[in-house]
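The values are calculated or read from the model by the stated rules, or taken from the named source; none is laboratory data. Computed from a predicted model, the values in this text were never measured in an experiment. Virtual Cβ from ideal backbone geometry, glycine too; neighbours counted across all protein chains shown.
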Amino acid sequence: MKKIKNLVVASRLKKDLVERRTKLYRIAFSWCHNASLADDLVQDTMLKAMKNASSLRSYATLDTWLYRILHNSWHDYLRVKGRNVELHDVHDDASPDHVDVFQQRQIVDRVRAAIDQLPMTLREVITLADFAGFSYAEIADIVDIPIGTVMSRLYRARQNLKEKLLDLAGDENMPVKLMRVK
């Protein structure tokens with residue numbers, strides 16, 4: 001009976017991992033800016049999740065648990081490679097067909113460049129909050145810091161981005177409108 005229960009749980013976990021893979025990849029890519037490394041981090045996260053499925057206390061915390069594993073995998077990679085890992089940006093060579101698409105791409109590139117300039121501690125928190133949509137408590141669990149630290153890092157990251165994006169806009173006619181994405 002126990003083997004059947006374990007098979008059902010493993011099947012459910014596998015299905016849930018497949019559903020969350022794209023979101024995990026987006027966050028991993030926002031941290032490392034390397035498609036193959038992001039794939040490796042997600043693969044490592046999924047492997048560790050399957051191996052340690054018994055340590056998952058509740059399915060309600062599955063997302064937090066997975067992102068915590070991803071966060072730990074990222075920091076393991078940084079420890080192995082050293083503190084001064086050179087991260088490089090991956091550019092899309094597709095040419096825009098329309099002026100709006102081109103302008104939107106410029107805005108995305110500016111935001112990406114501004115996020116790249118953030119220290120890793122701020123970049124992790126802002127990507128988890130504004131891109132992945134995690135609550136402060138979930139981010140605190142993932143990054144293993146107090147909620148107050150999450151709030152202060154998020155505030156500093158947003159202020160830093162606001163300043164950088166306003167500086168990037170400079171004298172150009174392109175308006176910069178910042179809004180919180182949740």
Some residue of the stretch 61-69 being surrounded by fewer than 16 Cβ atoms within 10 Å (Cβ to Cβ) and either among the small types (Gly, Ala, Ser) or within 20 Å of THR121 (Cβ to Cβ) (or both): no
Residues (of a type outside the set (S, T, N, Q) and touching a residue at least 12 places away in the same chain (Cβ under 8 Å)) located in the stretch 61-75: LEU62, ASP63, TRP65, LEU66, TYR67, ARG68, ILE69, LEU70, HIS71, TRP74
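Going by what's in this entry, would ASP44 be described as in contact (Cβ under 8 Å) with a residue 60 or more places away in the chain, of a type outside the set (Ser, Thr, Tyr) and part of a helix (DSSP H, G or I)?
Values: in contact (Cβ under 8 Å) with a residue 60 or more places away in the chain: no; of a type outside the set (Ser, Thr, Tyr): yes; part of a helix (DSSP H, G or I): yes.
No, not satisfied.
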Check on LEU41, in contact with a Cys (Cβ under 8 Å, 6 or more places away or on another chain) and either of a type outside the set (Phe, Trp, Tyr) or assigned by TED's automatic domain parsing to the domain that holds ILE115 (or both): yes
Test: residue in the stretch 22-31 that is out of contact with any Lys or Arg (no Cβ under 9 Å at 6 or more places or on another chain), modelled with pLDDT of 75 or more, surrounded by 14 or more Cβ atoms within 10 Å (Cβ to Cβ) and small (Gly, Ala, Ser): yes
Qualifying residue in the stretch 122-132 (condition: more than 14 Å from ILE27 (Cβ to Cβ), of a type in the set (Phe, Trp, Tyr) and not assigned by TED's automatic domain parsing to the domain that holds ARG26): no
Residue count for the stretch 50-93, restricted to those that are within 18 Å of ILE139 (Cα to Cα), part of a helix (DSSP H, G or I) and at pLDDT below 85: 5
Residues satisfying the stated conditions in the stretch 94-143, i.e. of a type in the set (Phe, Trp, Tyr) and either at pLDDT below 85 or on the phi > 0 side of the Ramachandran plot (or both): PHE102, PHE131
Residue list for the stretch 70-81, restricted to those being exposed (fewer than 12 other Cβ atoms within 10 Å of the Cβ) and among the charged types (D, E, K, R): ARG79, LYS81
